[in-house]
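The values are calculated or read from the model by the stated rules, or taken from the named source; none is laboratory data. Note that this is a predicted model, so its numbers are computed, not measured. Here the Cβ positions follow ideal geometry from the backbone for every residue, glycine too, while neighbour counts run over all protein chains shown.
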Amino acid sequence: MDWLIEFLPSSVERVNVWIGALCTFAIYSILYRENPFYRFFEHMYIGLAAGYALGPYLVDVLYRYWWEPIRTEGIWWLVFVVPFGMYLYFIYSERYGWISRIVIGALIGAYSGLAFQMFSSRYLPQLHSALTKPLWFPPNATGEIFLSNIFNNWIFLIILISVMVYFTFSFEHRGAVKRTAILGRWFLMIGLGAMFGNTVMARMALLIGRVYYLLDSWLMFRVGGG
Amino acid sequence: MEARSIWERMMQIDRRILYAILAVNIVAALMARVAIEPDIPPPVKRFYDTIEALQPGDMVMVSSTWSAGTLAENQPQFEAVLKHLMRKRVRFTIISFAPPARDISHRLARRLTEDFGYVEGKDWAHFGYAPDIIIAVKGMSEDIVQAIRQDVRRVPIAELEVMKGVKSLKDYKLVVDVTPSDTLTYWISYRPPNLKILYCPTSVMAAEAYTFLDSGQILGMITGAKGAYEYERLLGIVGLGTRFINAIQFSHALIIVFILLGNFAMFMQRRTSAS
Amino acid sequence: MLFDTTQLVVALLWIAGAFALAIALIPLLGTLPPRGRFALISFVTFIAGLFFAAEFFLPVGEDNKNILTDPFQKMQGSLQVITALSLGLGTYGLVRMHLRNAIQRRPQWGYSLVLLVAFVVMAFFSVWNTMAEKGLFGLKRTPLLENAFTLLFDYTLIQLDATMFSLIAFYIFSAAYRAFRIRSIEASILMFTAMLVMIGIVPLGKLISDSIGLPAVQTAEMRTNPFMLENILYNLRLPQIASWIQETLNAPVQRAIEFGVGIGALAMAIRLWLSLERGIN
Amino acid sequence: MSYQHAEDNWFAAILIGFIALAVLVNIWRARRGKELYIRRIPGLDAIDEAIGRSTELGRPVTMIPGLTAFGVEAVQALTIFKYITKQIARFATPMRLLTANATVYAVAQEAIADAYNEAGRPDLYDPDSVRFLSSEQFAFASGVAGLMQRERVAANFMFGIFYAESLIFAETGNIVGAVQIAGTVSFTQVPFFVAACDYTIIGDEFYATSAYISREPVLLGSMVGQDLAKISFASMIVGGSLISTFLGTDHPIVQLLGKPQGWQPFVEWLSQMLGR
């Protein structure tokens, strides 16, 4: 009885939790079949998401990176950013549509320019790591190295090279190269299998999170484990 | 009309029955009270050892960009890591790169720090939300007071006691990235050279991160809620990871069984239709 | 205070001037022939990229900075501002489409109305909330704002978001049963690996290995002497297999993928930077 | 372990310069009319085979660019769809191209009309065969699934960028017994495609496929340049591994190859070697 009283939407907090549960059931109803209830909440979702974005992603960004530096740091050249950025909106114009491409071009250019540091920081340490895997007990061994490490280094090198060979296109794959490439594709499948296993776990965890919400917050069952 | 064989019917089972089986399986597993000790995978062990090696008073940055969408994966990680940091009496600051992530991590951190006697502003701080991660990381690498200005409560950074002797990210020992999205690339690319990274991704992103673990670009990794469970066992505590683990592992078992069943049914049906 | 007001007026004048200039330029731009248009777009693209590239490539001084390092922050901020404006573009497109649906009473226009109402209400509170955080226009966080925002955001939007994400679990399960068939060597390798990883990474894998009596710990002797029977049995434990797959087999695959993607991204960046990509510009 | 500037190890600048040069020189060669070679990838044979099987059945073929926004990938996906359309036009097999993006939709209409013209069957082009279903992920997915089931498609081609909705397409195609070929650069979705489709074109192969079909000089040149970069990576890895094995993992040459701050030790070592 106590449970029932607590369970019912009798306070603001409980009403909120009930609405959350309602949203959850509405979306899950599509698993049974497409229905107006689902569609109602789906459209509400899109509207809410679009509306929410305006606060943090438009107003906040304009304030922080445009208005504040102009006002407090006096960086006057920034005033041009918004008026010229607004050229984007010409995309809907027949006659001046191309003007929006100037702004898109600036964005594309900037992201291309940023690619160089990203390339260096992200890929070069990986390159360096790939070639510091000794294939036999090296002369400057620091720390213990076991036969199993050497074995794994060989495997690492073979897999890395064969998958890279698979992704080459400018020469005919035949003979040994072809066999290496086929091997590469099979190794690729192992990597994808590992990704698959982890993806399944992630999706299940998210579903479990929802069920946990329904059980814990809505039905107020204390969920166990351990 | 020919009667359909049991194999054929099995293969054409209504998907709603499958959905129901999965849902029942998860509810049952969440209610179950069995616990199986895990094997601790090396990335989790290295994660633990890296934090264990910190000295009291060291600075750690927690980059927390998750919100309720991936709560089941990231909240257990976040809680376990914070508890470990506080157990080591380490100073930490939190920063988020998505607004809802700021609210949820601030609320959670306030609740968790109470139990450890941590005082906001003195032992820890929340830097709020930064819309652009490149600006934030690059800026903080030079000067945090300049880049962040004020914490989530609008207290100027320079006045925070926790920031005593700390000028930039170069004075930090570690960054822990708790995330459901690609924030790691930016931490890897723009952090100061000596800042170490520990990584708490959702499981989807875990497989891809092994190349960074191998290259040392990240030092340790906790994989989703499952990793949080392993971490909780290392710490000897019961948290959300421990609550979720049964549901996770029994859903895995269910899927494996059903993949095998599906293939078996197909095999049998082919055999019967051939004969 | 007086000083602050003057500064505000000056800032507003600057902005007004910038808008006037931007508008005045439009007819001028309109006179450009198609070739000139392409040249202008390519030029802007190139200059924008050049700034960020030069910041990376130019030599640095003692303080690890070059002349472009300080403006970098502001340039990156401007990039964010433009990206934010493009968000407005998407929102405008969405609202326009559904407004048209609702006004012309197209089929299912009721749902468009739901979307528009949700949008307007949420936009109102979201913008108010952001401004209140900054203390803009003297706005404050009132109880109405707090309650409405909690309801709309924490208990509606976030719940819908999380549920949408979790729907995929059902689809995965159904797809695993109905579509994942042993149809080729590749699919078989993938499925077999996936199953080993799925069972090996959870405690169940350990339980299974323990219950068939595989050794639970690797001793120092086993490490130095890998061909010992105990060591071989130890490495056949499901958690060990899953770990090995992920760290030794999966890591080089991911690295090969990374190299391919990285080189491809760099090549694409160069093509886009120099406006070489056909069909895009 | 990170690069703030190229000065952290000038090798970064040298490597980037080399890759840029390899790409640009090959694009230039291709534009000058040089016939650059790109191998025919097995995925293309799989596409042809799927086309053959669908024409025997006479049921429609679906083409799905996923949620791909207009950009490089969309253009390349449409190149492949155009190729498929040209093939099936000869047998008058009906087709459906279903998009989730308004710009892609507009460009696709043009491309498909072109394809029928080029195949000499403009009469077969039905504007209704290219459709914009919805820009919302799951609304789009359920629209596609419904259409595939109603029309019992014979073949299903998925090219472009995909997210979680990939599963729904692949599963539905499987249920109706369609031959399915997928090609995507979204690695997270590849496992689902491999498990449920007859053939999957993975990562860079996607770009290679469209370069092969379109013979576009920029794409061909870039592919060849990227190959040179990959070969140089592979040879650095093999060579570096050998140096690591015989001379130690901290040898200056090894440090030069990608380690931040690896430039200085290399220069010192080099001047020592030259001085001797």
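Figures for the structure shown
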read-out: Among the candidates C:ILE208, C:ILE185, C:ILE257, C:ILE241, residue that is within 10 Å of chain A (Cβ to nearest Cβ), free of Cβ contacts under 8 Å to residues at least 60 places away in the same chain and in contact with a Leu (Cβ under 9 Å, 6 or more places away or on another chain); value: C:ILE257
read-out: Subset of segment D:78-118 (residues that are surrounded by 18 or more Cβ atoms within 10 Å (Cβ to Cβ), more than 19 Å from the chain's Cα centre (by Cα) and among the β-branched types (Val, Ile, Thr)); value: D:ILE88, D:THR93, D:ILE112
read-out: Qualifying residue in segment C:91-104 (condition: exposed (fewer than 15 other Cβ atoms within 10 Å of the Cβ), among the polar types (S, T, N, Q) and more than 8 Å from every other protein chain (Cβ to nearest Cβ)); value: yes
read-out: The lone exception for A:GLY85 - which of (1) buried (at least 21 other Cβ atoms within 10 Å of the Cβ); (2) within 7 Å of another protein chain (Cβ to nearest Cβ); (3) more than 17 Å from C:THR83 (Cα to Cα) it fails; value: (3)
read-out: From the options D:ALA74, D:ALA30, residue that is of a type outside the set (Asp, Glu) and in the same structural domain as D:GLY120 (by TED's automatic domain parsing); value: D:ALA74
read-out: Within segment D:1-40, tally of residues that are within 30 Å of C:GLU62 (Cβ to Cβ), within 23 Å of the chain's Cα centre (by Cα) and at the interface with chain A (Cβ under 8 Å from one of its Cβ atoms); value: 1
read-out: Subset of segment C:128-143 (residues that are within 29 Å of the chain's Cα centre (by Cα) and among the β-branched types (Val, Ile, Thr)); value: C:THR130
read-out: Test: residue in segment C:59-69 that is in contact (Cβ under 8 Å) with a residue 12 or more places away in the chain, within 30 Å of C:LEU276 (Cβ to Cβ) and assigned to a helix (DSSP H, G or I); value: yes
read-out: Condition check for B:PHE250: surrounded by fewer than 24 Cβ atoms within 10 Å (Cβ to Cβ), within 25 Å of A:GLY209 (Cβ to Cβ) and either of a type outside the set (D, E, K, R) or in contact with a Ser or Thr (Cβ under 9 Å, 6 or more places away or on another chain) (or both); value: yes
read-out: Subset of segment D:149-184 [part of a loop (DSSP other than H, G, I, E, B) and either at pLDDT 95 or above or within 24 Å of C:GLN254 (Cα to Cα) (or both)]; value: D:PHE162, D:TYR163, D:ALA164, D:GLU165
read-out: Sole residue being touching a Phe, Trp or Tyr at 6+ places or on another chain (Cβ under 9 Å), farther than 18 Å from C:SER174 by Cβ and either assigned by TED's automatic domain parsing to the domain that holds D:THR68 or at pLDDT 90 or above (or both), chosen from D:PHE187, D:PHE192, D:PHE132, D:PHE140; value: D:PHE132
read-out: When residues of segment B:211-238 are limited to those that are more than 22 Å from B:GLU37 (Cα to Cα) and touching a strand residue (DSSP E or B) at 6+ places or on another chain (Cβ under 8 Å), the one surrounded by the fewest Cβ atoms within 10 Å (Cβ to Cβ); value: B:LEU219
read-out: Any hit, segment A:45-61, residues being at the interface with chain C (Cβ under 7 Å from one of its Cβ atoms) and not in a helix (DSSP H, G or I); value: no
read-out: Residue within segment A:146-169 that is farther than 27 Å from D:TYR199 by Cβ and in a loop (DSSP other than H, G, I, E, B) present; value: yes
read-out: Conditions (1) assigned to a helix (DSSP H, G or I); (2) under 30 Å from C:ASN64 (Cα atoms); (3) of a type in the set (Gly, Ala, Ser): number failed by D:GLY258; value: (1)
read-out: Residue count for segment C:129-152, restricted to those that are in a helix (DSSP H, G or I), of a type outside the set (Lys, Arg) and free of Cβ contacts under 8 Å to residues at least 12 places away in the same chain; value: 12
read-out: Segment B:62-86 - residue that is small (Gly, Ala, Ser) and not in a helix (DSSP H, G or I) and, of those, nearest to A:MET201 (Cα to Cα); value: B:SER67
read-out: So A:PHE37, is it aromatic (Phe, Trp, Tyr), modelled with pLDDT of 85 or more and buried (at least 16 other Cβ atoms within 10 Å of the Cβ); value: no
read-out: Positions within segment C:214-256 being part of a helix (DSSP H, G or I) and more than 28 Å from A:MET189 (Cα to Cα), in sequence order; value: C:ALA220, C:GLU221, C:MET222, C:ARG223, C:THR224, C:LEU229, C:GLU230
read-out: Unique residue being among the basic types (Lys, Arg), assigned to a helix (DSSP H, G or I) and surrounded by fewer than 17 Cβ atoms within 10 Å (Cβ to Cβ) when the list is A:ARG71, A:ARG122; value: A:ARG71
read-out: Flag for D:ALA196 being facing another protein chain (nearest Cβ under 9 Å) and either surrounded by fewer than 24 Cβ atoms within 10 Å (Cβ to Cβ) or touching a helix residue (DSSP H, G or I) at 6+ places or on another chain (Cβ under 9 Å) (or both); value: yes
read-out: Single match in A:GLY105, A:GLY55, A:GLY109, A:GLY113 (criterion: outside the structural domain of A:LEU160 (by TED's automatic domain parsing) and farther than 30 Å from D:LEU15 by Cα); value: A:GLY55
read-out: Leading residue by the ranking (surrounded by the fewest Cβ atoms within 10 Å (Cβ to Cβ)) among those in segment A:88-117 that are more than 7 Å from chain C (Cβ to nearest Cβ) and farther than 18 Å from C:GLY77 by Cα; value: A:GLU94
read-out: Test: residue in segment C:40-59 that is touching an Asp or Glu at 6+ places or on another chain (Cβ under 8 Å), more than 15 Å from A:VAL81 (Cβ to Cβ) and at the interface with another protein chain (Cβ under 7 Å from one of its Cβ atoms); value: yes
read-out: Qualifying position, being under 23 Å from D:ARG39 (Cβ atoms), assigned by TED's automatic domain parsing to the domain that holds D:VAL25 and of a type in the set (S, T, N, Q), among D:SER241, D:SER235, D:SER271; value: D:SER235
read-out: Exclusive hit being out of contact with any His (no Cβ under 8 Å at 6 or more places or on another chain), within 8 Å of another protein chain (Cβ to nearest Cβ), without any contact (Cβ under 8 Å) to a residue 60 or more places away in the chain and not aliphatic (A, V, I, L, M), set B:ASP214, B:ASP182; value: B:ASP214
read-out: Segment B:66-105, residues that are surrounded by fewer than 20 Cβ atoms within 10 Å (Cβ to Cβ) and touching a residue at least 40 places away in the same chain (Cβ under 8 Å); value: B:LYS83, B:ARG87
